[in-house]
Amino acid sequence: MADERKVVETCPDGLFIGGEWRPAEGGRTFAVEDPSTGTALCEVADASPADGTVALDAAVAAQAEWAAHPPRERGEILRRTYELMTARADELALLMTLEMGKPVAESRAEIAYAAEFFRWFAEEAVRIGGDYTTAPNGKGRVLIMRQPVGPCLLITPWNFPAAMGARKIGPAVAAGCTMVMKPASQTPLSMLKMAELLTEAGLAPGVLNVITTSHSGAVMEPLIKDPRARKLSFTGSTEVGRVLLAQASEQVLRTSMELGGNAPLIVFGDADLDAAVDGAMIAKMRNIGEACTAANRMYVHSSVMAEFSRRLTSRMAALKVGRGTEDGVEVGPLIDAKQRDKVAGLVDDAVRRGARLLTGGTVAEGNGYFYPPTVLADVPRDARVQSEEIFGPVAPLTAFDTDDDAVELANDTEFGLVSYMFTADLNRALRVCERLETGMIGLNQGMVSNPAAPFGGVKQSGLGREGGRVGIDEYLETKYVAVSL
Ligand code: NAP
């Protein structure tokens with residue numbers, strides 16, 4: 001308990017603007033809750049729209065100098081942040097578990113993942129290239145420069161409180177952009193702590209400004225419409241993404257959108273079932289199922305359905321549910337009562353429409369927003385769970401017979417973030433990969449997240465990519481100079 005109190009008490013709780021911690025206008029605050037108990041952990045500053053404007057003022061004031069800062073030094077700040085995060089992983093992981101609920105081992109994995117974005121973009125900062133070519137007519141020259149976009153607005157969700165921020169801050173710092181970052185109101189602490197570490201690593205005042213608020217819409221809309229903002233990068237639900245895109249259209253603000261998912265996981269008849277069950281467990285249960293990449297629908301060839309569902313059900317039923325700080329716990333609470341009720345409602349709807357409950361499905365008594373690992377069989381196509389993002393530990397199984405059926409079922413959604421496929425046949429794998437309408441595919445594995453890879457979706461799962469070689473492009477403008485020689 002002492003450690004828990006200490007990590008919360010030593011976490012900053014103010015707004016971080018122009019390199020200084022300060023209270024919100026009028027000293028207003030809001031509570032951050034521990035989802036495993038439903039009790040308040042602490043209070044943090046509740047920014048007003050005026051506070052938001054002050055944060056953007058600071059980002060705008062710092063932009064020119066930051067853009068001129070040597071790329072090598074920008075990279076070294078990121079590298080030092082990676083080292084600081086790695087050295088303090090235990091403390092950061094505990095803080096994350098307290099505000100978000102996931103087991104400490106998973107929080108540690110997220111801290112490592114987040115730190116890796118800083119390491120990756122530390123390396124990219126010095127590789128921002130341009131181009132100089134001869135025009136086809138042989139006379140003119142084509143000079144291409146790449147310059148920082150300018151002050152960026154960054155908005156992140158609660159499910160990966162550190163990594164979703166690092167995936168934006170890393171490339172923005174590397175590219176020479178300043179930022180106003182708004183973390184989710186349910187999990188602001190990890191971001192406040194990360195701002196402290198970036199400062200310790202040498203980030204100049206005003207480059208990163210962090211505002212926490214309980215009324216995100218009122219605070220962010222004026223900033224999105226402020227002509228001094230040059231970019232909006234949002235990770236969150238498709239529903240909110242659409243609203244922000246409409247707001248951004250007013251000044252044709254450049255946007256990156258990492259939105260919701262509804263990932264299919266396909267197990268073909270020739271799959272290595274050990275790998276398929278392992279992969280399904282990761283794709284489903286990482287982050288308590290509260291991941292945009294979570295396998296939302298599992299399509300299993302009818303020849304292996306009985307064996308696959310038996311093995312998956314026994315693995316799901318054996319998982320230990322509890323507070324994320326306790327030893328051996330593999331499944332923490334959901335983020336809040338609303339999310340738990342939504343998950344319960346989706347399961348009830350599927351059962352009403354004819355699905356069979358193989359394990360789970362009953363909300364436990366007691367404090368905290370726990371929901372048991374659940375497997376549903378024979379889930380009909382019209383069940384809501386097939387079309388809505390579950391964001392919880394529920395695996396819906398449906399049988400298929402032909403490859404065409406599997407692809408048709410998988411693509412039958414407005415989302416297109418990620419899909420997973422298990423097969424031993426390379427030709428089938430590549431044929432199906434080409435037909436799946438998602439930005440990412442896990443082939444014989446249940447996880448795609450990797451700082452060195454371009455993360456992002458098609459259809460209503462978003463616009464743009466984060467991470468990989470292209471991740472920094474989101475924060476750079478291309479300028480072409482027509483040179484007469
Ligand atoms: P959300 O409700 O869309 O919120 C995301 C962020 O937007 C939060 O910081 C939230 O602030 C803020 N926000 C909400 N309404 C806003 C508005 N009108 N104006 C400005 N900001 C606003 O999503 P969530 O529930 O936190 O996260 C879950 C969703 O994120 C899922 O759909 C998941 O798939 C998606 N996600 C996608 C990716 C990806 O890479 N594609 C990664 C992770 C998560 P408040 O906290 O104050 O509401």
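Among 334-345, 125-136, the peptide with the highest mean count of other Cβ atoms within 10 Å heads the list, and the full ranking is 334-345, 125-136.
The length gained by stretching the chain between LYS479 and SER314 to full extension, at 0.36 nm per residue less their Cα-Cα distance, is 53.7 nm. For the chain, the Kirkwood hydrodynamic radius comes to 23.2 Å, computed from all pairs of different C-alpha atoms.
Of the trypsin sites (Lys or Arg not before Pro) in the stretch 47-110, not one is in a loop by DSSP (not H, G, I, E or B) with at most 12 other beta carbons within 10 Å.
Short-range pairs are left out: with C-alpha atoms under 8 Å and at least six residues apart, the relative contact order of the stretch 27-147 is 22 percent.
Gyration tensor over the Cα atoms of the stretch 1-41: the corresponding equivalent ellipsoid has semi-axes (square roots of 5 times the eigenvalues, largest first) of 23, 14, 7 Å.
Per residue, the chain exposes 39 Å² of solvent-accessible protein surface, assessed with a 1.4 angstrom probe and all protein chains in place. What shape does the stretch 252-395 take by its C-alpha gyration tensor, where a ≥ b ≥ c are the square roots of the eigenvalues and a/c under 1.5 counts as rounded, a/b above b/c as prolate, and the rest as oblate? In terms of gyration-tensor shape, rounded.
Normalised by the number of residues in the chain, the mean separation of alpha-carbon contacts (under 8 Å, six or more apart) gives a relative contact order of 18 percent. The listed peptides 363-372, 177-186, ordered by packing as a protection proxy, come out as 177-186, 363-372 (highest mean of other Cβ atoms within 10 Å first). Among the GluC sites (Glu not before Pro) within the stretch 217-265, those in coil by DSSP and having at most 15 neighbouring Cβ atoms inside 10 Å are GLU250. When +1 charges are put on Lys and Arg Cβ atoms and -1 charges on Asp and Glu Cβ atoms, the dipole computed for the chain relative to its Cα centre reaches about 1060 debye.
The trypsin sites (Lys or Arg not before Pro) of the stretch 130-169 that DSSP puts in a loop, and whose beta carbon has at most 15 other beta carbons within 10 Å, are LYS139. Using θ = phi - 60° in the Karplus curve 6.51 cos²θ - 1.76 cosθ + 1.60, the 3J(HN,Hα) couplings for the stretch 258-273 round to 10, 10, x, x, 8, 5, x, 10, 10, 10, 7, x, 8, 5, 6, 5 Hz; x is entered for Gly and Pro. Once you sort the root eigenvalues of the Cα gyration tensor of the stretch 336-444 as a ≥ b ≥ c, which label holds: rounded (a/c under 1.5), prolate (a/b larger than b/c) or oblate (the other case)? Prolate.
With one equal scatterer per alpha carbon and no solvent term, the Debye-computed log10 I(q)/I(0) for the stretch 9-135 at 0.09, 0.18 1/Å reads -0.40, -1.18. Taking amide H positions as modeled 1.01 Å from N, with prolines and chain starts lacking one, the residues under 5 Å from LEU232 and 5 or more places away or on another chain are LEU153, ARG254, THR255, SER256. Rounded to the nearest 10 degrees, the angle from helix 71-87 to the longest Cα principal axis of the chain is 40 degrees. Across the stretch 360-377, computed HN-Hα scalar couplings (Karplus, 6.51 cos²θ - 1.76 cosθ + 1.60, θ = phi - 60°) run x, x, 10, 6, 6, 6, x, 6, x, 9, 7, 9, x, x, 10, 10, 10, 10 Hz from first to last residue, x flagging Gly and Pro. A helix-only calculation puts the chain at -12500 deg cm²/dmol for mean residue ellipticity at 222 nm, using -39500 (n - 2.57) for each DSSP H run of at least four residues, averaged over all residues.
Amide hydrogen proximity for MET181: with H placed 1.01 Å from N in the peptide plane, the residues at 5 or more positions away or on another chain lying under 5 Å are LEU154, ASN209, VAL210, ILE211.
Note on the stretch 326-382: dipole from Cβ charges, positive end direction compared against TYR371, GLY328, ALA355; the farthest Cα belongs to ALA355. Direction-averaged projected area, Cα convex hull, the stretch 49-93: 4.6 nm², rounded to one decimal. So which of LYS6/LYS320; LYS102/LYS284; LYS225/LYS342; LYS168/LYS231; LYS338/LYS459 end up more than 23 Å apart, counting from Cα to Cα? Pairs exceeding the cut-off: LYS6/LYS320; LYS225/LYS342; LYS338/LYS459.
The per residue volume of the convex hull around the alpha-carbon atoms of the stretch 233-298 is 95 Å³. With a ≥ b ≥ c taken as the square roots of the eigenvalues of the C-alpha gyration tensor of the stretch 390-451, please select rounded if a/c is under 1.5 and otherwise prolate if a/b is larger than b/c or oblate if it is not? Rounded shape, in that the Cα axes give a/c under 1.5.
Here the contact order of the stretch 353-400, divided by its residue count and restricted to Cα pairs under 8 Å and six or more residues apart, works out to 38 percent.
The values are calculated or read from the model by the stated rules, or taken from the named source; none is laboratory data. Keep in mind that this is a model prediction, so the values were computed, not measured. Counting neighbours? That spans all protein chains shown, and the Cβs are built from the backbone with ideal geometry, glycine included. Heads up: the accessible areas ignore ligands, DNA and RNA and are worked out on the full protein's heavy atoms, side chains in. Shrake-Rupley method; radii C 1.70, N 1.55, O 1.52, S 1.80 Å.
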